[in-house]
Amino acid sequence: MTTPAPAATAAVAAKRGLGAAFIFKKALISALVALVLFSLMIGVRTEAGPEGQLIYWTRFGDLGAMVATVFFGSIAIELLRQWWGPIETVRVIPPRVTSSLALARRAIAPILLIFTFLVPVIFYDQRYILDLGILVLTYVMLGWGLNVVVGLAGLLDLGYVAFYAVGAYSYALLATNFDLSFWVCLPLAGILAAFWGVLLGFPVLRLRGDYLAIVTLAFGEIIRLVIINWQSLTGGPNGISGIPRPSLFGIPLSNTDDGLAALLGIEYSPTHRIVFLFYLILALALLTNWVTIRLRRLPIGRAWEALREDEVACRALGINTTTTKLTAFATGAMFGGFAGAFFATRQGFISPESFTFQESALVLAIVVLGGMGSQLGVALAALAMIGGFELFRGLDQYRMLVFGVAMVLLMIWRPRGLIGHRAPTVFLEHSQTISSDLVKEGR
């Protein structure tokens, strides 16, 4: 049995000491930042007195507890990061575990899809679960639509809610003013949203990164302000009510003699319409997923991926970045318009309060946390965020804190999202040897 040399032991001890000093320093800096930020938010509270004067009181105990939580939490995160991440060694996973994880990853998508199909059957008498499922599928569809722009083309879009609003108001105005059915208005809403996506794409052709994000954010706010102020068309802050409900290809789902229940000879139930809406948004979401997967295998999809990785190299390869960006914006906007039309017919009432920047931020968070470019990751992130909000609804103010901590931990250990997917659609499986005669100018 050999013993380590004294010099090696001293080097290891010195390295551990430096690591401990770094962790303590980082935790101390985090605690000082928390002290500055929370001093006026938690430590001192003010409000107007009965006679209009300003009164205040202190909560230094709560402030100290918050700063201590940040300090020890920062230490715990750094220790977990060092333990989890490879430090001068490579963690070898047994082949059996690797194969099991790969099998589970392949099986989770069909299992989730089968369970989604069976949700109306399992929870038929639970209206709350069905409504929550419809909401989750709506955000899944929005996430898949934004994933085309952000995940595939690499264009940061903070105004995606604008296309959501265009689709909703297009359907509402066409259905109420021209008495058109849902199946006629749905493609029209998608086309109009795609048109506005192209209009947004033209001014931002030369923009990238933060500048692109600012312009798209401004576009979303412009659409919202136009909806609020154009009262003669959109109803302004009062919104549009009395939006027609969808029908099953002309057969209404109502308690009338020509309704679906009467034609089938079954007892009418209001749940029939909820189940129909559930399968309708599921079909729209699956259509979005199928079209996205097919587009990724086409030249336009590979052009999106090339644009995402390096725009300069994309131009050097002869790819028209103008049409590539415009098609990405138009495709993502079209799916957002479809989701907006469904939202309008499901609610029966829309107003500008439903299309704020918070909706864009939520959809973008779903795409980023799920993994940009990953269809399954977006679906899992939508289920976790939307369903999780409802799960922690009883915690009131603490649920946002729980989700904030969960997002921070996810960004530390999974910076590319739950299921990061940046692999190219087309690649060479085997390397090819090129003759020296071909490696010359002009070939």
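Could you rank R59, R294 by how accessible they are, 1.4 Å probe, largest area first?
Reading off the accessible areas and sorting them downward yields R294, R59.
What nm value, rounded to one decimal, do you get for the distance between S232 and V44 when each label is placed 7 Å out toward the C-beta?
5.2 nm
Given 37 °C and 0.692 mPa s, compute D for segment 176-233 with the Stokes-Einstein relation, Rh being the Kirkwood radius over Cα pairs; round to the nearest whole µm²/s.
243 µm²/s
Using the per-residue mean of other Cβ atoms lying within 10 Å as a proxy for protection, in what order, highest first, do the peptides 334-345, 260-271 fall?
Order by mean packing, descending: 334-345, 260-271.
Dimensions of segment 143-200 along principal axes (Cα, Å, largest first)?
The Cα atoms of segment 143-200 stretch 40, 17, 16 Å along their principal axes.
With every protein chain left in place, what is the accessible area of R245 in Å² (1.4 Å probe, nearest 10)?
Per-residue accessible area (R245): approximately 110 Å².
Given a Förster radius of 51 Å and the C-beta distance between R294 and I55 as r, what FRET efficiency does 1/(1 + (r/R0)^6) yield to the nearest 0.05?
It comes out at approximately 0.20.
What Kirkwood hydrodynamic radius, in Å, does segment 146-248 give when the mean of 1/r is taken over all pairs of distinct Cα atoms and then inverted?
In segment 146-248 this quantity evaluates to 14.8 Å.
Report Rg(Cα)/(2.2 N^0.38 Å) for segment 111-413, keeping two decimals.
Working it through for segment 111-413, the quotient is 1.02.
Suppose we take every Cα in segment 307-346 and form the convex hull; what volume per residue is that in Å³?
Looking at segment 307-346, the number lands at 50 Å³ per residue.
Which one, G265, G337, L155, projects farthest toward the positive side of the charge dipole computed for segment 111-413 from Cβ point charges (K/R +1, D/E -1)?
Positive-most Cα among the choices belongs to L155.
The values are calculated or read from the model by the stated rules, or taken from the named source; none is laboratory data. What you are looking at is a predicted structure, and each value in this text was computed from that prediction instead of being measured. Virtual Cβ from ideal backbone geometry, glycine too; neighbours counted across all protein chains shown. When the accessible area is computed, the model is the full protein with side chains, heavy atoms only, and any ligands, DNA or RNA have been set aside. Shrake-Rupley method; radii C 1.70, N 1.55, O 1.52, S 1.80 Å.
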